[in-house]
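Just so it is clear, none of the values below were taken in a lab; they were calculated from the coordinates. Being a predicted model, the structure only gives us computed values, none of them experimental. Counting neighbours? That spans all protein chains shown, and the Cβs are built from the backbone with ideal geometry, glycine included.
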Ligand SMILES: Nc1ncnc2c1ncn2[C@@H]1O[C@H](COP(=O)(O)OP(=O)(O)O)[C@@H](O)[C@H]1O
Ligand SMILES: [Mg+2]
């Protein structure tokens, strides 16, 4: 491997066979993925899928049972690299006896933010997460949502290159969620890679460039949002199509019929005209064709369907 | 090193902010005032007219009793400050955001330890000196080795605090606290067992007690503290009454701990810290 071409070095995150077992529970099972730099990566899965465990493995809070991982080109656990990483835990708690400013100041020191930059960084963080007017209040007086905002501010100190956000809007109201989505998009524009853990499909669909869907510790699908949703479905209103015709179109995708409507799942977009031509060739009469708008939610449910 | 100091300062600030220090300080002030009143009464009325050496003996013994109670409070406070400061931060999640920063777990743990040791040493020094001053003003008595007393008292607290730190890397706050205090009581009983064993020539008691003294050198350090408070006359009298060895009481010791035992205690603290760091490194958070 030459320098500058290996995924370990180039990507923001690269994992190979990362696994974590808690006794009999395989919380993370053979996770192999690559997160390119500068993208928003959605890590999507139902409760208990292994999202938080994956983030803890990546941040070095927990040790893998097997497998390897690299962050920003360095193996997980490399201490200087941690200075370039931000983290908002799912369980966000900050020193209740400190004020918001003091918590931020502490994390500036911890993250080795140069003395001269601390004041501006803290002010910017407070404004960004909307806590400027509560800066000097004790954290213990904060609502859950405010603490989560503070946590987001903390994770952005020191101009990190990679930020892990574990369910960053779990305690926020709809307005707060929108604000956080905007912040995430803004981070990407600054070239920051965002690893977003979420079970909120709309959130992920709105901001992520790339998604991995995890279920029971295993990645069941990953790719760009277009790739994931691209395996779309086509609905065709058709008459005069017999059983043999149904058989003949099987290579295009899974076909279902309900009265006059034929649904074909998994048709690549560029093959849709071919499918229609084939139907016509078979002697069927096509009345209407529409693209099934598969949402991430439908795709998600489909992926998690248990046989 | 910078990060260790950062955590040390943080720990100290937390103790001050959370008013733990003030509670302890208030309690100490109360003891100081009560002992001033009590000793004054003793000298002015209770023992008026008795010989100077009798008064000196009584005073030194009362001082030892006060300090004995005080050493218990100190141990309790050390445990209740130390255990939550690690185990609690893990449980609540405060540690999550901290330990993903460019700091090692050893720095985090050592920083806490340094902060707690500085707090302990400051507090023990101030409170002990204040009590000595009170005793001196009321009775004219000064214990023979006040600085040695402070040293042993700090050492005893550092021993218990280090154990609490080790335990808290693995256990939940309450369970951890109970275990360390249980150990502290056992070590104290071990000291009593050795005394009894010596007195009545029961080897099993001496062996058992000696083992606990090695496993947890809190009582051993207390014996050094007690010895530092005993006037020579009191020791001579005890000798004349036939006591021997390390003493026949939790409130008395005929000799200070040996240099070897003090060295063992130092090594013990270092060893426990090393174990704590090891344990904490492997801890899943
Ligand atoms: N410390 C732990 N001890 C035992 N099991 C755990 C622990 N942490 C997580 N798990 C288990 O691992 C699985 C994944 O959990 P988690 O990563 O928290 O899921 P998610 O964040 O996707 O909701 C769950 O079955 C959970 O019960
Ligand atoms: Mg989770």
- Check the range A:64-76 and report whether any residue there is closer than 17 Å to residue B:284 by Cβ, within 11 Å of ligand 1 (Cβ to nearest atom) and either without any contact (Cβ under 8 Å) to a residue 24 or more places away in the chain or in contact with a helix residue (DSSP H, G or I) (Cβ under 6 Å, 6 or more places away or on another chain) (or both). no
- Residues of the range A:39-70 satisfying the condition of being more than 14 Å from chain B (Cβ to nearest Cβ), surrounded by fewer than 17 Cβ atoms within 10 Å (Cβ to Cβ) and in a loop (DSSP other than H, G, I, E, B): A:46, A:47, A:48
- Message: Taking the conditions exactly as written (surrounded by fewer than 20 Cβ atoms within 10 Å (Cβ to Cβ), under 23 Å from residue A:37 (Cα atoms) and more than 15 Å from the chain's Cα centre (by Cα)), does residue A:190 satisfy them or not?
- Response: yes
- Selection count where residues are farther than 21 Å from residue B:267 by Cα, in a helix (DSSP H, G or I) and more than 16 Å from the chain's Cα centre (by Cα), scope the range B:209-238: 7
- Note on the structure: Taking the range A:44-60 and keeping only residues that are within 17 Å of residue A:224 (Cα to Cα) and more than 10 Å from ligand 2 (Cβ to nearest atom), one is left with A:44
- From the option list A:226, A:221, single residue qualifying as closer than 30 Å to residue A:12 by Cα, free of Cβ contacts under 8 Å to residues at least 24 places away in the same chain and surrounded by fewer than 19 Cβ atoms within 10 Å (Cβ to Cβ) is A:226
- Message: I'm trying to understand the selection: among the residues of the range A:193-204, which are surrounded by fewer than 20 Cβ atoms within 10 Å (Cβ to Cβ) and away from ligand 2 (no atom under 16 Å from the Cβ)?
- Response: A:202
- Quick count over the range A:144-170, residues being outside any loop (DSSP other than H, G, I, E, B), within 16 Å of the chain's Cα centre (by Cα) and within 16 Å of ligand 2 (Cβ to nearest atom), is 3
- Message: Taking the criterion of being within 11 Å of chain B (Cβ to nearest Cβ), buried (at least 22 other Cβ atoms within 10 Å of the Cβ) and in a loop (DSSP other than H, G, I, E, B), would at least one residue in the range A:100-111 satisfy it?
- Response: yes
- Task: Tell me, yes or no, whether the range A:171-178 has at least one residue that is surrounded by 18 or more Cβ atoms within 10 Å (Cβ to Cβ), within 16 Å of ligand 2 (Cβ to nearest atom) and either under 14 Å from the mean Cα position of the chain (by Cα) or within 14 Å of chain B (Cβ to nearest Cβ) (or both).
- Result: no
